[in-house]
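The values are calculated or read from the model by the stated rules, or taken from the named source; none is laboratory data. Fair warning: this is a prediction, and the values are worked out from it, not measured in the lab. Because the Cβ atoms are built from the backbone with ideal geometry, glycine has one as well, and the counts that use them run over all protein chains shown. Just the protein is used for accessible areas: all its heavy atoms, side chains included, with ligands, DNA and RNA removed. Shrake-Rupley method; radii C 1.70, N 1.55, O 1.52, S 1.80 Å.
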Amino acid sequence: MIRWKDEPMPKDRSALLPIAYVTLRILIVLNWVFFACVLALLSYTFINEAWTMKALGVADAPNAGAVLVGMRAIAALGLVAIALNYPLLKRLLAIVDTVRAGDPFVAENAYRLQAIAWILLALQLLSIVIGGIGKAISTSGHEFHLDAGFSLNGWLAVILTFILARVFAEGTLMREDLEGMV
């Protein structure tokens with residue numbers, strides 16, 4: 001919403017905040033459902049290796065054992081990534097709560113954003129490792145195309161989040177200075 005300089009801020013700041021709140025709550029639940037599904041699939045690869053190799057289409061491949069180990073490693077790293085999503089989503093939810101309350105420039109939000117930036121950094125590093133595993137187990141006869149590896153947008157998000165955390169920290173200090181003057 002664009003407003004002019006002298007126009008007062010509306011009481012209802014944004015209709016998107018309730019949508020963001022509900023969306024984040026749903027994503028938290030879906031994140032754990034996804035975790036349970038990946039864990040179940042990973043566990044099943046140990047229970048029925050023959051089915052797993054057939055499902056991956058590598059039962060006859062000469063490197064079938066390496067592919068299975070690689071896919072298990074990718075699933076395990078995926079579980080780590082999913083687990084990292086939980087604190088990220090919880091911190092975003094807490095930030096939305098402070099914005100809804102009309103008080104976003106608090107020190108806690110600066111710390112939350114910094115933690116989110118570190119989590120995003122960890123997720124980017126995991127993605128590179130997962131992409132590397134995918135390349136390592138790919139052969140000319142059976143290539144694995146994973147949506148993983150280096151992501152320019154992902155790294156820009158990491159940098160942006162670190163900068164935004166600093167902006168929030170500075171905003172908090174400025175607000176405290178102003179409150180001290182009044």
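Highest average first, the peptides 62-71, 136-145 ordered by how many other beta carbon atoms sit within 10 Å of their residues are 62-71, 136-145. Computed over the chain with a Gaussian network model linking Cα atoms closer than 10 Å, the most mobile of 122, 15, 157 is 15. Each residue was assigned an accessible area with a 1.4 Å probe, and for residue 44 the value is about 90 Å².
Separation of region 28-79 and region 166-181, taken as the distance between their Cα centroids, equals 49 angstrom.
Just to confirm a number: summing +1 for Lys and Arg and -1 for Asp and Glu over residues other than residue 161 whose beta-carbon lies under 11 angstrom from that of residue 161, what do you get? Local charge sum for residue 161: +3. Within the chain, the whole DSSP H helices whose Cα atoms reach 20 Å or more along their own axis and whose mean Kyte-Doolittle score is at least 0.0 are 16-47, 64-100, 107-137, 152-181. Please work out whether region 51-182 counts as rounded, prolate or oblate from its C-alpha gyration tensor, where a ≥ b ≥ c are the square roots of the eigenvalues and a/c under 1.5 means rounded, while otherwise a/b larger than b/c means prolate and anything else oblate? Taking the square roots of the gyration eigenvalues as a ≥ b ≥ c, region 51-182 is prolate. For residue 144, nonlocal amide neighbours, meaning residues 5 or more places apart or on other chains whose placed amide H falls under 5 Å from its own, are 138, 139. Put 177, 97, 60 in order of accessible area, highest first, and with a 1.4 Å probe you get 60, 177, 97.
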